[in-house]
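Read the structure below first, then the notes.
Please treat every number below as a calculation from the coordinates, not as lab data. All of these numbers come straight from a predicted model, not from anything done at the bench. Cβ coordinates were reconstructed from backbone atoms using ideal geometry, including for glycine residues, and neighbour counts include every protein chain displayed.
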Amino acid sequence: MTQGFELAASLAGGVEGRSGAWSFIQGFAAHWAGALESGDGWAEADLVAAEERLGVWLPAALREAYLLFGRRRDLTSNHDVLLGPSELYVDDAKEALVFRHENQGAASWGILLDSLQDDDPAVFMRPDLADKSAEQWAGWLERLSLCFVEIVLSESLQADEELCDFLEADDDSIGLLEENAVRLPFPAYPVGEDEHAIRWFLGQDVLLRNDGGLAVLARGRTAEDLGRVRDLIPGDWLNDCR
């Protein structure tokens, strides 16, 4: 693994609580994207203004994440979008505080209003359906700090095409993934999902996500790292022009 940053070991601490999550994100950013710097987070005044506008208190985990790296779109918004403080809103049903959108508006992520007093509340996801009456908030991850770790990992898979790729999966490719990579210590999700849960893996300097056996997404630290995993898991990789 990369000298000075053991991704799996750091992630094991990152899933234990808020401070571990922020430490993991700092280390991951430094070695896979670009080190966090002063100014990468929103100002306290921005968060206070959001609270005054919304009439609610923001949970500690949300405040801490926004203050630390909330303005780093390369970590949070390559594909799906982390809303800025001025964009946060309460959904029409007055059930949740929405903080993230799917890139085409197909889903939203939020925190139930009755859990905003918790420091690190659970996160829920709601699909955007043609039948609006069928839309419901469903469990995503048990803690908001976990969700921010997931956001940073997932958005890293949507960076430069030279480093990232996508493969429609079958049983053979999933088998090869499990043979050639190590399962990372991040809980399977969405909450309560088993058969089609999302799981994370690490190869030799390649981050991989198994989307419920339907797709494999990969991010190498270098183009050579990504090429190596394409060879280990053959298939019609979307960005492979070799």
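Look at where the Cα atoms of the range 89-108 and of the range 8-40 average out, and the two centres are 26 Å apart. Mean sequence separation of contacting Cα pairs (under 8 Å, at least six apart), scaled by the length of the chain, corresponds to a relative contact order of 16 percent. Applying 1/(1 + (r/R0)^6) with R0 = 30 Å to the Cβ-Cβ distance of Asp118 and Glu178 gives a FRET efficiency near 0.30.
Here the extension length gained between Ala35 and Ala49 equals 2.3 nm, from 0.36 nm per residue of separation less the Cα-Cα distance.
Considering only Ala65, Ser38, Thr76, and ranking their Cα positions along the charge dipole of the chain that arises from unit charges at the beta-carbon of Lys, Arg, Asp and Glu, the one farthest toward the positive end is Ser38. Of the GluC sites (Glu not before Pro) found in the range 15-82, those that fall in a DSSP loop while having at most 11 other beta-carbon atoms within 10 Å are Glu37. Taking the Cα centre of the chain as origin and assigning +1 to Lys and Arg Cβ atoms and -1 to Asp and Glu Cβ atoms, the resulting dipole is close to 560 debye.
Net length available on complete extension from Ser23 to Asp240 is 74.8 nm, with 0.36 nm assigned per residue and the Cα-Cα distance removed. Applying both filters, DSSP loop and at most 16 other Cβ atoms within 10 Å, to the GluC sites (Glu not before Pro) of the range 145-232 gives Glu161, Glu162, Glu193, Glu195.
Relative to the first principal axis of the alpha-carbon coordinates of the chain, what is the inclination of helix 60-69, with its axis defined by its Cα atoms, in degrees from 0 to 90 and to the nearest 10? The helix 60-69 is inclined about 60 degrees to the chain.
Residue separation of Asp170 and Asn103 scaled by 0.36 nm, minus their Cα-Cα distance, works out to 21.6 nm of gained length. If a paramagnetic tag sat 7 Å from the Cα of Val191 along the Cα-Cβ line, which residues of the range 44-69 would have the backbone N under 20 Å from that point? Counting only backbone N, you get 57-65. The local environment of Asp119, defined by Cβ-Cβ distances under 12 Å, has a net charge of 0 under the rule Lys, Arg +1 and Asp, Glu -1.
Summing Cβ point charges (Lys, Arg +1; Asp, Glu -1) relative to the Cα centre of the range 1-134 gives a dipole of roughly 220 debye. Please work out whether the range 7-151 counts as rounded, prolate or oblate from its C-alpha gyration tensor, where a ≥ b ≥ c are the square roots of the eigenvalues and a/c under 1.5 means rounded, while otherwise a/b larger than b/c means prolate and anything else oblate? The shape class here is prolate.
Against the chain, whose longest principal axis comes from its Cα atoms, helix 223-232 is set at around 70 degrees.
Put a plus charge on the Cβ of each Lys and Arg, a minus charge on the Cβ of each Asp and Glu, and nothing anywhere else: the dipole of the range 166-229 about its Cα centre is then about 400 debye.
From the Kirkwood radius over Cα pairs of the range 134-242, Stokes-Einstein at 37 °C and 0.692 mPa s returns a whole-number translational diffusion coefficient of 229 µm²/s. Each of Tyr189, Tyr66 has some number of other Cβ atoms within 10 Å of its Cβ, and from fewest to most they run Tyr189, Tyr66.
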